[in-house]
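The values are calculated or read from the model by the stated rules, or taken from the named source; none is laboratory data. Values in this document were obtained by computation on a predicted structure and should not be read as measured data. Here the Cβ positions follow ideal geometry from the backbone for every residue, glycine too, while neighbour counts run over all protein chains shown.
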Amino acid sequence: MYLIDITLKTDIIPAGQSETLLAGHRAWFGKYFEQGHFLLLGPYLDRHAAGVIIAQADSRAQLDAMLAEDVYWADKLADYRVSEFRANLIAENLNRFIGK
């Protein structure tokens, strides 16, 4: 499993494109959420223009291919920090925390 920390580089995002890029970003993570690769995701509440994704992929190469599809990736409009981890415990009631 992977923990992905994404921080947008708001200072270099072209003026007038932020809403279009954000819509593309949402479509990207929605696609991989629906496919079951992105298990948990959301914005940080204490950091502007940043969020976290917990993902499952068969390999780091597969994850990198998914990340490369994000609209912010190609032009380096975001920083992506990826850490691989093993989930030893998972709470059965995790879904009760949606939106909190």
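So the values come out like this:
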| read-out | value |
| --- | --- |
| Subset of the range 18-71 [out of contact with any His (no Cβ under 7 Å at 6 or more places or on another chain) and charged (D, E, K, R)] | 19, 26, 31, 34, 46, 47, 58, 60, 64, 69 |
| Tally, over the range 17-55, of residues that are under 20 Å from residue 94 (Cα atoms) and within 12 Å of the chain's Cα centre (by Cα) | 17 |
| Residue in the range 81-95 that is in a strand (DSSP E or B), surrounded by 15 or more Cβ atoms within 10 Å (Cβ to Cβ) and either of a type in the set (Gly, Ala, Ser) or at positive phi (or both) present | no |
| Near pairs, Cβ below 8 angstrom, 6+ apart or cross-chain, from the range 1-30 (free of Cβ contacts under 8 Å to residues at least 60 places away in the same chain) to any residue that is in a helix (DSSP H, G or I) | 10/18 |
| Output for the range 28-42, where each listed residue is surrounded by 11 or more Cβ atoms within 10 Å (Cβ to Cβ) and part of a helix (DSSP H, G or I) | 28, 29, 30, 31, 32, 33 |
| Residue among 27, 57, 78, 50 that is closer than 27 Å to residue 96 by Cα, small (Gly, Ala, Ser), at pLDDT 95 or above and touching an Asp or Glu at 6+ places or on another chain (Cβ under 8 Å) | 50 |
| Flag if residue 18 is surrounded by fewer than 12 Cβ atoms within 10 Å (Cβ to Cβ), polar (S, T, N, Q) and over 23 Å from residue 99 (Cβ atoms) | no |
| Some residue of the range 43-61 being assigned to a strand (DSSP E or B) and surrounded by fewer than 13 Cβ atoms within 10 Å (Cβ to Cβ) | yes |
